[in-house]
Structures are given as structure tokens and as C-alpha cells.
Amino acid sequence: MAVTDVETFDFSKVDRVLEKYNSEKSWLVMILQDTQTAYNWLPQPVLDRIAEKLDLPASRVYNVATFYASFSLKERGRHILRVCDGTACHLRGSTWLLGEIRRQLDIDEGETTKDRLFTLETVACLGACALAPVLMIDTKVYGHVSIEKIKDVIAANRAPGRKPDTGSTDGSAAQKPDSSSRASRATEKARPRKDAKRGRRGPGG
Ligand code: FES
């Protein structure tokens, strides 16, 4: 089904989110966050639906969705692989790590595999620097990542019916980050995009 095929698009998930927040426009960011969790990205028909139900101009909803780096308006895979490129991870091989994943999945940063299973992204410090280099898949953090570990993680997540990883840290890691660290919240927190910090005003205008 084409995602733009509004006639057959499944709006039930976004409708549940809207219901949860009583279609209150003051909850727009939370509505977008929960909606992205439900669809794994923010399809255009969903943004239009949110605008309609909150009685907001579509441009306002689109502005908010593009202002925060954590929102994706591009279709993403079932599993999101995030390579940390913060200072500690960069010094301990994040470039190598990113290159190895690109090679194994045959995709570049920001791309999704043809089978729509994996999307590859980079993020700033995940708050688990002692485990550098760090890889996060869905919400699970893997530290001291090796080639074998990358293969294992990818193979495990290829399994049919495998649900997105949850939990904070891979058990093989030598040191666990604080469960309340940025790592465990990285996918939930709405942060402005880098270009927004350089001068673009907030989504409120
Ligand atoms: S720099 Fe990667 S976790 Fe801090």
C-alpha cells in the first residue's frame, strides 16, 4: 500500500493517540511523539489528520515535526540502528563502526534497507561514554561493539516477527549506564535539529 493512499491508510493508531490526548492542541509535541512511536515515522496523511483533529493549520504541525531532530518524515525501517558519534565514541571508533554497519546492511547513513527492516542513523552522545563505541538499536544500548557483535545484533533482529528491542543495555557490556541516562531516553526526547539551533526560531514562530 502506498503510504500516500489516504483511502486505505490505517489511521487507527493516530486516532488512538489523539483520543489519549483528547485532541488538545497544547499536547501537539507529545501527540507527534506517540504517533511516531506507533508508526515509526510521521507519514504525511497522519500529519494532515493531526492538523485536522487539532484544528490547526497543516503548516503549523509540519513546522513542529520538522523543527525537532527526533521526528522523521521519511519512512523508516522496523528497527532503528543509531551509531553514537559523540566525542568519546568518535575517539574509540564510531567512524569504523558506522562504516562496518553500512557495509553489512549496504545502506548509507539516513537510509533504510530494501526489506524495510533497518534504518541507520547517527546520534550525539547517548550518555554511555564508558561503553564507547556505542550502538543503539531501537531502545537497547550495546557497548564496546565489535564486528561479531554487529553481526549478532543484525542477525537477531532479522528474525521473523522480532519486535523492536527494548531495555537499556546489552548484558555483555562491562559497565551499565544509568537507566535514567540520555541513552534510555534518546528516542523519546524531542530536541531541535542542529540547523534550528543555528538560528531558526522555534516551531511556535
Ligand atoms: S560519546 Fe558515545 S555515549 Fe557518549
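Quick notes on this one:
- Among (1) within 16 Å of the ligand (Cβ to nearest atom); (2) free of Cβ contacts under 8 Å to residues at least 60 places away in the same chain - the single one Val123 does not satisfy: (2)
- Leu54 fulfils the conditions (1) within 24 Å of Asp138 (Cβ to Cβ); (2) in contact with a Lys or Arg (Cβ under 6 Å, 6 or more places away or on another chain); (3) not β-branched (Val, Ile, Thr) except for a single criterion, (1).
- Helices (runs of 4 or more DSSP H) within region 55-110 that include 3 or more residues more than 16 Å from the ligand (Cβ to nearest atom), over 11 Å from the mean Cα position of the chain (by Cα) and among the hydrophobic types (A, V, I, L, M, F, W, C): 58-67
- Within the set Ala69, Ala124, Ala128, Ala51, the sole residue that is over 24 Å from Lys13 (Cα atoms) and surrounded by fewer than 20 Cβ atoms within 10 Å (Cβ to Cβ) turns out to be Ala124.
- Selected residue (only one of Arg103, Arg158 is without any contact (Cβ under 8 Å) to a residue 12 or more places away in the chain, outside the structural domain of Ser59 (by TED's automatic domain parsing) and of a type in the set (Lys, Arg)): Arg103
The values are calculated or read from the model by the stated rules, or taken from the named source; none is laboratory data. Quick caveat, the model's predicted, so the values are computed rather than measured. We place every Cβ from the backbone using ideal geometry, glycine too, and count neighbours over all the protein chains shown.
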